[in-house]
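The values are calculated or read from the model by the stated rules, or taken from the named source; none is laboratory data. Given the structure is predicted, the values throughout are model-derived calculations rather than measurements. Using ideal geometry, Cβ is built from the backbone for each residue, glycine included, and neighbour counts are taken over all protein chains shown. With ligands, DNA and RNA removed, areas are computed over all heavy atoms of the protein, side chains included. Shrake-Rupley method; radii C 1.70, N 1.55, O 1.52, S 1.80 Å.
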Amino acid sequence: MAQGRCSAMLAVALLVVSAAVVAQAVTYDVPRWTVPAAANADVYTTWAANVSNFLKPGDVLVFQYSAAAHNVLTLATKANYDNCVKTSPLNTTSTGNDALVVKAGGNYFICGIPTHCESGQKVAVNVSAATGTPETPGTPAAPGTPAPQGPSSATSLTVRQTFAAVSVALSASLIIW
């Protein structure tokens, strides 16, 4: 009887830990933030298409660039993004190593330096409305601190998914046991 209670408590603890790990934000590195060369003009569009299916509210996009030459403006609407409207951004960052939190829905980022956005230095990602931390789009992940370092986004996502699956399987086997 006591063994059954212990197993159940251990199973609950594993579920809580796995839920906490799964809920953690994943960091995605935006390709080097600069005006794309003509031969690579669609670099940001291609990258966004590849990561948009994985993004969740609360995940972090990291923009790395020369702070003397670029910045990152977060825009409220697709129309402002499409037209490179720089006059009323939701947020402006210019550290050269900016970590910005994404929200559910459209997230629009451009470089505010004259002609850069018009030359293709902009990226838009669509984030599914899954559970996560609601944020103002483009909110700095940690104001005044450098962007987080660590494994690539693909590695973080794979580790997170694997840990969650193993935790659930262990919990289920302990409950049955």
Discussion item. Let me cross-check Lys78: its accessible surface, 1.4 Å probe, with only protein heavy atoms counted, in Å² to the nearest 10?
Written reply: 110
Discussion item. Could you tell me the calculated FRET efficiency between Ala69 and Trp47, based on Cβ-Cβ distance and R0 = 22 angstrom, to the nearest 0.05?
Written reply: 0.65
Item to complete: For Lys86, list the lysines whose Cα falls under 24 Å from its own Cα; do not include residues on the same chain fewer than 8 positions away.
Response: Lys78, Lys103, Lys122
Worksheet item: Taking a quarter of the surface of the convex hull around the Cα atoms of region 27-127, what do you get in nm²?
Response: 5.6
Fill in: Karplus 3J(HN,Hα) series, Hz, for region 101-114 with 6.51 cos²θ - 1.76 cosθ + 1.60 (x for Gly, Pro)
7, 9, 10, 5, x, x, 10, 10, 10, 9, 8, x, 6, x
Worksheet entry | Bridge type composition, region 27-127 - antiparallel percent by DSSP, nearest 5 | 85
Worksheet item: For region 27-127, which whole percent of the accessible surface, found with a 1.4 angstrom probe, sits on carbon and sulfur atoms?
Response: 54
